[in-house]
1. Which pairs have Cβ atoms under 9 Å, sit 6 or more apart or on different chains, and link a residue in the stretch 301-329 that is free of Cβ contacts under 8 Å to residues at least 40 places away in the same chain to one that is assigned to a strand (DSSP E or B) and of a type in the set (Ser, Thr, Tyr)?
2. Looking at the stretch 153-218, what strands (runs of 3 or more DSSP E) fall wholly within it and have at least 2 residues that are within 46 Å of the chain's Cα centre (by Cα)?
3. Taking the condition of being in a loop (DSSP other than H, G, I, E, B), in contact with a Gly (Cβ under 9 Å, 6 or more places away or on another chain) and open to solvent by 20 Å² or more (accessible area, probe 1.4 Å), how many residues in the stretch 243-257 meet it?
4. So is residue 411 modelled with pLDDT under 95, surrounded by 15 or more Cβ atoms within 10 Å (Cβ to Cβ) and not small (Gly, Ala, Ser) or not?
5. Answer yes if at least one residue in the stretch 497-515 is of a type outside the set (A, V, I, L, M), open to solvent by 40 Å² or more (accessible area, probe 1.4 Å) and within 29 Å of residue 28 (Cβ to Cβ), and no otherwise.
6. Considering only the stretch 437-465, state which residues are touching a residue at least 24 places away in the same chain (Cβ under 8 Å), more than 17 Å from residue 401 (Cβ to Cβ) and over 15 Å from the mean Cα position of the chain (by Cα).
7. When you go through (1) among the aromatic types (Phe, Trp, Tyr); (2) at pLDDT 90 or above; (3) open to solvent by 70 Å² or more (accessible area, probe 1.4 Å) one by one for residue 592, which number turns out not to apply?
Amino acid sequence: MISDGERTVFKIPTFNRQIPAYRPQREIEFSWDNFRRGLNTLLQPNEIGKDEVVQIENLMLIGKGIPTKRWGTTLYHQGGNVTGSVRGLKGFYKSNSTIELLALTDDGYLTSKSGASYTRLSGVSWASGTSGSQAYMAQLEDSVYVVNGARELVKYSNPTLVGFPTISVPGSLGASNISNASGTTTKSYRVSAISQVGETLASSPVELASQPQTLGGAGGRIRFTWGAVSTASGILEGYNIYGRDSGYERFLGSVDASSTVFLDDGTAIPKEFTFPPTADSTGGPLAKYVKRFQDRLVFAGLNGEPSKVLISGKTPNHEKFDLSFGGNYIEIEPDAGDDVIQIEPFADRIVVFKERSIWQVTLSSEQIGNFFVTTPVLKLITASHGCISPRSVVPVGNDVFFLSRRGVFSLGYESGFAFDVLRSNEISVKVRPFFESLTVSEKQNAVAAFYDNKYIIAFPGRDQMLVFDRERLAWYGPWTLDATVFETFYDENNNEHLLFAQEGTVNVDKFSKSYTDDKGTAIQTILRTKTEDFGDWSLFKTIKSIFFQFQNVTGDVNADIRLEQRTGSVVTAKSFTITPNTGNSGWGADIWGTALWGSSLVGGGGADAQQTIRWRELNKAARTMQMTVRTTAANANYELLGIRGNAKPIGGGFRPAGLWKQ
């Protein structure tokens, strides 16, 4: 109403009578075209990325992150007697092109692969039934050196297998001039025992006064005697005799193991610079671990000295540890309650893993008189964590991977820091719950290998392996297999094999892309995707259509679509089986230009790129959605190229008020 003082005008309001256009809610689409980031059990299923999965059992990733069944396994050979387990496995590659695969089993014998069976190597044995005494082997100078913490060092040189038992220094010494000649000089004699691998210290000198200056003829002969050294059969090879000048004894000659007498008639001329040994080289170290470092042998886990690292001289003195031969040792925080767990060469240093710390040892050389003394230099890398499993320590590219109490860590150089500083970082964050579920014993017994750019770690007795794909920086598994030891072996044709032995059997198996089962047993696989909430966990949606794209399907592949309903329960809304496409057409069957794609009538060779697409229309209400793909048969396999679909949000009125509202 409008008034100007004289009149009043009424204005009728105008209403918009146009009906607004209908605007339906926008559909939400999702597309998963790869799973390259692998397994993530750290986050909730709806929190992980679209290229991650909740479960990827007995599968591996290829290409851009495409899931497919892991390698199968087959028997490679029997490593030893039918009882017990394989405790050590090592390829032996001699300079004459001889190749052997060595195994040490619980029955206490070292064996060499012979066809599908084995040949027992004679000369040395270990105490049988030493369950859990893992054997470690290192090759240097055409020999393999074996330790297991149960007996002293053993050397195999094909065909010779010998131990390093310590031999006693000869005693019960005596000397006399059997010709009763006399003079004004003093003659002195010493004797040492010789084993297959070394020599003892020489005995204390026996001195004979009032002897002729020159022996032989009128000077007579001196009879030097000693008591026989007691050793196991075949260990003692003879004796070395040193004489004649007191305090300056030099090598005179040798006698065999059956002799305990040396007659000096003056004809033997003492050799220059052939003095009695300054260290006993007959006894090898009793150690748990051995590694080759450049041209030396390094030992750790020494009996009664758990913090000691023993370093040999350079070849050809790599079986000697005395300072005079270039050897030495270092104690790393002795009696600190933190034992050495493993040693691993890394570039120009030796990395020493203790259970709660990691150290590095570098070697320097100092001249003292006419000798060059090897000096170990120690440096702490980290005191925040160490290694719990000796067999988990594996070189991986330019790094070293190992298992700590918290999970798998890497050790290596890191960009942004000094070029020669080693740093350690955890790589198992996404699968930390798996490692937290392991017992201390399972962690201590873990074994690992690096093969095909994959760090594979197994847990004896648990029948599970977890795999870190270094190319895609992704975890997957578990693979339902057991292992006590791994070995990457190169056969006579230079073919590479990843071998492993399982707990409770002496069979050595190998992984192979050519096999689709585990020695006749079907490999059951399961892939479980993330739980998709379409960006809003509080709303329900109408799940409309789901598309699957597979490639190279063999056998029956089963897929489930699982939805969370208004009741809160998760149900399988749709199950179906994917089978291979029939037909024989493929690219290459016709020359391009003579036939249209898809219309060729000529058989082709495109089976290795056969794609299978499956579509399911659901139109079901759900809050979240998850897909599962399974195989159970030995011949079943697939490559999952992608999953995509669409959904439409439902208004808030669809929420289950009785269940949600408080």
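The values are calculated or read from the model by the stated rules, or taken from the named source; none is laboratory data. Note that the structure is predicted; figures quoted are calculated from it, not measured. Note that each Cβ is placed from the backbone with ideal geometry, even for glycine, and that neighbours are counted across all protein chains shown. These area figures cover heavy atoms from the full protein model, side chains too; ligands, DNA and RNA do not enter into them. Shrake-Rupley method; radii C 1.70, N 1.55, O 1.52, S 1.80 Å.
1. Once the first residue is free of Cβ contacts under 8 Å to residues at least 40 places away in the same chain and sits in the stretch 301-329, its partners that are assigned to a strand (DSSP E or B) and of a type in the set (Ser, Thr, Tyr) give 302/329; 305/329; 308/329; 310/329; 314/374.
2. On the way: elements: 154-156, 161-163, 174-177, 185-195, 206-211.
Passing ranges, in order: 154-156, 161-163, 185-195.
3. Step one: of the stretch 243-257, the residues in a loop (DSSP other than H, G, I, E, B) are 246-249, 257.
Applying the additional criterion that residues be in contact with a Gly (Cβ under 9 Å, 6 or more places away or on another chain) yields 249, 257.
Of the ones still in play, those that are also open to solvent by 20 Å² or more (accessible area, probe 1.4 Å) are 257.
So the count comes out to 1.
4. For residue 411, the condition - modelled with pLDDT under 95, surrounded by 15 or more Cβ atoms within 10 Å (Cβ to Cβ) and not small (Gly, Ala, Ser) - is met.
5. No, every residue in the stretch 497-515 fails to be of a type outside the set (A, V, I, L, M), open to solvent by 40 Å² or more (accessible area, probe 1.4 Å) and within 29 Å of residue 28 (Cβ to Cβ).
6. 440, 461, 462
7. Condition (2) is where residue 592 drops out.
Yes/no per residue for (1) open to solvent by less than 20 Å² (accessible area, probe 1.4 Å); (2) of a type in the set (Ser, Thr, Tyr):
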| position | (1), (2) |
| --- | --- |
| 208 | no, no |
| 214 | no, yes |
| 223 | no, no |
| 231 | no, yes |
| 238 | yes, no |
| 241 | yes, no |
